[in-house]
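Just so it is clear, none of the values below were taken in a lab; they were calculated from the coordinates. Nothing here was measured: the structure is a model prediction, and the numbers come from that model. Here the Cβ positions follow ideal geometry from the backbone for every residue, glycine too, while neighbour counts run over all protein chains shown.
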Amino acid sequence: MGDEIVEKLPKDIVIYIFLMVPVKSLIRFKCVSKVWYTLIQSSTFINLHFNRTTATTKDEYMLVKRSFKEESNRFRSVMSFLSGGLDDDDLYPVSPDLDVPYLTTTNSCTFHRIMGPCNGLIVLTDKITTVLFNPATRSYRLLQPGLFGCPVGFHRSINGVGFGFDSVANSYKIVRIAEVNGEPPFYCYTMREWKVEIYESSVDAWREQDQVYRQLPNVFWYPCFEMFYKGASHWFAHANTMVILCFDMITETFRRMKFPNTCHFQDENCYSLVILNDSLTLICYPYPEKVVEHEKDFMEIWIMMEYGVDESWIKKYSITPLSIETPLAVWKDHLLLLESRSGSLISYDLNSGVVKQLNLHCWPTSFRIAVYKESLTLIPEEREHSTKCPKILES
């Protein structure tokens, strides 16, 4: 179809039709004409398409990252793109599996993170290597590493990673909380301090926060806790008590939220954060290696009815203990997806209490899941090499 014919179609009608079309078809339409290419690539149309999809449909997709052992200390990590069938927990692939780009292939794959989605974008990271990825368009980009070192005799470890969007600066941000302390032979633990590193897509660069956060609580990593919600990233942390540490992406300031009063550090429990019915939700479950006492070691699900108000936590569910490694995500607002201790994916129906084992397996502790809605959101390009486009993973 030539541009002359396309231009005769009323633009408003074209936009209205395109808003009903899935991302995969829109990508093909970009090849029809320059007019359609320009329209579909425009930030205005991308936002209209994403917001309309978000507002009017429940068409969610699932990105599942898992790893398999191929030989001694060598693993293969793949991404699976899934959707639901007639039954909510009947999952089927929407495209072939793809290898995870750039991340390590050793047993450290069990420390991979998937963060997001944020406007349809997801971050894949092993704490050092960072890949920005759009699962709908399969476009991705390896971000340049931050050049942050530490003095001789000290060790720098990244305890927390967050990914979100600054709506004021119109910029995606990645924040890393790094701990610097002594290591052999110096053991200068009295010099222990926290560093906060921020990547900003609008300038395509990392920077350190000017303020040194010596008084931050200890940040701990759980496979399903780091989350962007209500404009802030969240982490599990502990000072004198357990807290949810929050970082506001706009103001770049920290704040803390309390756990429910019945949650204590000495209980030998683990914790996850998920979104359930659009509310921040805390899952408290027995430590995987703990000998479970079925009379008292229940999995508890707490919902924060008013975000940021510590007193608004209510216990919504109390579930008989399951043999799980970790919760992973909530699917369709009522299916809790979990990884079993043997590396299988299982679901728990919050409405009926039915437990099912799904046909997905992995090397134990390597499952990561992100539930997303399709988006045309573009991967920000490198500032110094503007002609260099993000790569596309081929199905």
Expected vector for region 94-108, Karplus 3J(HN,Hα) from phi with 6.51, -1.76, 1.60 and θ = phi - 60°, integer Hz, x for Gly and Pro, equals 9, 6, x, 4, 10, 5, 6, x, 6, 6, 4, 10, 8, 5, 6
Compare Val152, Val78, Val371 in a GNM of the chain, Cα atoms joined below 10 Å, and give the one with the largest fluctuation. Val152
What percentages, rounded to whole numbers, describe P(r) for region 97-233 computed over all alpha carbon pairs with 10 Å bin width beginning at zero? 11, 39, 36, 12, 2
Determine, at each q value in 0.07, 0.12 (inverse angstroms), the log₁₀ of I(q)/I(0) that the Debye formula gives when each Cα of the chain is one equal point scatterer. -0.35, -1.03
Per-residue Cβ contact counts at 10 Å, fewest first, order Lys11, Lys30, Lys173 as Lys11, Lys30, Lys173
As a check on your grasp of the helix formula, calculate [θ] at 222 nm for the chain: sum -39500 (n - 2.57) over DSSP H runs of n ≥ 4, divide by the residue count, round to the nearest 500. -3000 deg cm²/dmol
Debye sum, Cα scatterers, region 31-176, no solvent: what log₁₀ I/I(0) at q = 0.09, 0.10, 0.21 1/Å? -0.39, -0.47, -1.44
Cα convex hull of region 3-52, projected area averaged across orientations, nm²: 3.1
The extension gain from Val14 to Asp59, computed as 0.36 nm times the residue separation minus the Cα-Cα distance, is 14.0 nm
Computed over region 193-330, the convex hull of the Cα set has an average projected area, in nm², of 9.6
